[in-house]
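These notes are about the structure you will find just below.
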Amino acid sequence: MKCLQFAKRFSNLPYQRLFPSSFRNDVLKSCIKPRAYHRGSSMLAVDKLDTFSYSMPTEFPSTHLIYKIPEYFHRTALVDSSDSYSYEFIYAKSVSLARRLYKAYPLKMDRTNVIAFFYDNNVNYVVMLLAIWMLGAVALPLNHAYPKEDLQYFLTDSMASILLTTQDHKEKAISFSHLGPIPVVYQSITCNKDFVFDRYSDLEFAIGEDWFLQKPALMIYTSGTTGKPKGVLLSHSNLLINVLGMIDAWKWVGNDKIIHTLPLNHVHGVVNALLTPLYCGATVYMMPKFDAKAVFERLLEKNEDNATIFMGVPTMYALMIKYYDETYGSASQETKNAIREHLQKMRLFVSGSAALPIPVLDKWREISGHTLLERYGMTEIGMALTNPYKGQRVPGAVGLPFRYVNFMIGEYNAYVKGEYEVIVEGNDEEVKVTEGKEGQEGELLIKGPNVFCGYWNAPHKTKDSFTSLDWFKTGDMALYEDGMVKMKGRLSVDVIKYGGYKINALEIEDILLRHPDIQECCVLGVSDITWGQQVAAIVALKHVGKTLTQDMLQEWAKDKLPKHKVPRIVKCVDKIPRNNMGKINKKELTTTYFGPKKEY
């Protein structure tokens, strides 16, 4: 009750006092001279306002999540494998951690401070994320299971000020303490249920809401599909417009309960399946990882805490279908009908992060009675397009824009560098097709307040990813047909879409060429109904008579690549075919060695 009384008082103060006066003064200075993260300048020293930024639409309430949580103190925010936690507990624990961090490692508010953290899918993630935001810093979630080389790159490139972790990953965190001028700090966090505010009167917050909305909030690294991974900088406004857009489009309410099994270093897991439910006071059932049996049986549980929403990638649905067939395939029709009837009580099943094979959509509809809602988004733009919550969901289509998002399908203008001729352009209210270009494919471009601030410390790459009219180039081909946008594949053949991941084939080739027996290699994607694409490697060996089996290569690569990037298919050849220019045609190689591309 004391906490609730404090929160009500806290929410009415323009600049409150969680931290010392020196911290408050830094905040005020940074508000007077706001940092800009615009697309043509350095990310490290910009004083002028961002001429490319978008203000929050006036129709949307611009209330930050930190200011919303006190409205839901009495509700259950999250249930993980250990316990259930109220909004009040998570809020209190976040404030406590923020204070301890500031006292130990004061941050200068006139610069961008990045705080990285190793995470597990449990309550600690939310506590660390909110504490970082309470400090006015940028949160960088890192999957501790990634290879050490990858994690070192993320920590170094981001210039992280602090590395947070839990006791479980203490040793790995300490192993990065050698990283040159970048201070990386071990900070132990425990979320015991006995925690209480010890002095409510001292717990007053430092940062005003207007300050939040103009600042960067989250850094998510791309999968490096076109080179080294880039740090995508998303502002608090970017996150908020995405959250509010999904609440509006998918009718989120406080009584919703979502089963969360997604990685928390991707927009899908962080924004769609975590921040959105928390913003409206819903409950998140967070599982440590995806397991088809565990998730499907959780969906079948009959109690007052039944879930209402599940979000996943197509692979998750394919694996649950496989489990269903193995477990209930020979069951009576009565049992199958009972399962279907129970699953129909779910409000929404969403699929994203990769194209949804139509056989998976059809089979899931047969099992559950639900037509999966397919949507389109990416790290740089969050959620952009969605099938309707109510109305026909067209197989193979990703619908129309979320509110306040503009889209264009354009044809590259070979005569004017970086510009596009409009094929289709529109928003959630109207769509205009250029006469004579009906049914024509082109590149999908996105504009709106959902679009990211820029790539961290990479102004030229940021500038190159936009047209002169500020359209973000997604690199995906699309078609507008029958009132819906349909995705037609990636512009680059070097991007492999495996189970919701976007994998850079060139990165894997670079690693494989370090193998002592490999002379040359080619990595490409092979169509797969379950995973979307499998990672396949065609290799030519240095010495005649040598052998390299699939098992041998996978064993060698397992500590050099994340598990999802290790080739599942290995083909040894005498020599990899090249054209007269010495280039490899991956499309031809795929057809030659693995047959024509299969459409699912």
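Looking at segment 543-566 only, could you name the residues that are charged (D, E, K, R) and not in a helix (DSSP H, G or I)? The answer is K546, K558, D559, K560. Across segment 435-455, not a single residue is classified as over 16 Å from V422 (Cα atoms), over 21 Å from the mean Cα position of the chain (by Cα) and of a type outside the set (F, W, Y). Scanning segment 386-393 finds one or more residues that are small (G, A, S), free of Cβ contacts under 8 Å to residues at least 24 places away in the same chain and either crowded, with 19+ Cβ neighbours inside 10 Å or closer than 25 Å to D248 by Cα (or both). Within segment 347-378, how many residues are touching a Ser or Thr at 6+ places or on another chain (Cβ under 6 Å) and more than 15 Å from A478 (Cβ to Cβ)? Result for segment 347-378: 3.
Of the numbered criteria (1) under 25 Å from M487 (Cβ atoms); (2) surrounded by 15 or more Cβ atoms within 10 Å (Cβ to Cβ); (3) without any contact (Cβ under 8 Å) to a residue 60 or more places away in the chain, the one L589 fails is (3). Where helices (runs of 4 or more DSSP H) fall entirely within segment 121-195, those with at least 2 residues that are at pLDDT 90 or above are at 123-134, 148-158.
Of all the numbered requirements in (1) crowded, with 20+ Cβ neighbours inside 10 Å; (2) at pLDDT 90 or above, S86 misses one, and that requirement is (1). Restricting R578, R490 to those that are free of Cβ contacts under 8 Å to residues at least 24 places away in the same chain and closer than 30 Å to G448 by Cβ reduces the list to R490. Restricting attention to segment 406-429, the residues that are out of contact with any Gly (no Cβ under 7 Å at 6 or more places or on another chain) and either at pLDDT 95 or above or buried (at least 22 other Cβ atoms within 10 Å of the Cβ) (or both) total 5. Within the option set A536, A540, being small (G, A, S), outside any loop (DSSP other than H, G, I, E, B) and in contact with a Leu (Cβ under 6 Å, 6 or more places away or on another chain) holds for one residue only, A536.
Here's the yes/no breakdown for (1) at pLDDT below 95; (2) basic (K, R); (3) out of contact with any Lys or Arg (no Cβ under 8 Å at 6 or more places or on another chain); (4) surrounded by 21 or more Cβ atoms within 10 Å (Cβ to Cβ):
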residue	(1), (2), (3), (4)
W471	no, no, no, yes
G475	yes, no, no, no
R490	yes, yes, no, no
E509	yes, no, yes, no
L512	yes, no, yes, yes
G532	yes, no, no, yes
A537	no, no, no, yes
K542	yes, yes, yes, no
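Checking each residue in segment 320-359 for being over 25 Å from W252 (Cα atoms) and among the hydrophobic types (A, V, I, L, M, F, W, C) picks out I321, A331, A338, I358. Checked against (1) in a helix (DSSP H, G or I); (2) at pLDDT 95 or above, W252 passes all but condition (1). Of everything listed in (1) among the aliphatic types (A, V, I, L, M); (2) under 22 Å from G245 (Cα atoms); (3) surrounded by fewer than 16 Cβ atoms within 10 Å (Cβ to Cβ), the single unmet condition for A338 is (2). Candidates V526, V566: the one that is in contact (Cβ under 8 Å) with a residue 24 or more places away in the chain, over 25 Å from K148 (Cα atoms), among the aliphatic types (A, V, I, L, M) and crowded, with 18+ Cβ neighbours inside 10 Å is V526.
Yes/no per residue for (1) in contact with a Phe, Trp or Tyr (Cβ under 9 Å, 6 or more places away or on another chain); (2) farther than 15 Å from S468 by Cα; (3) not in a strand (DSSP E or B):
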position	(1), (2), (3)
V416	no, no, yes
V422	no, no, no
K432	no, yes, no
E435	no, yes, yes
G439	yes, yes, yes
L445	yes, no, no
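Looking at T371, T434, just one residue is on the phi < 0 side of the Ramachandran plot, without any contact (Cβ under 8 Å) to a residue 60 or more places away in the chain, surrounded by 16 or more Cβ atoms within 10 Å (Cβ to Cβ) and β-branched (V, I, T), and that residue is T371.
The values are calculated or read from the model by the stated rules, or taken from the named source; none is laboratory data. Keep in mind that this is a model prediction, so the values were computed, not measured. Please note: Cβ atoms are built from the backbone with ideal geometry, for glycine as well, and neighbour counts cover all protein chains shown.
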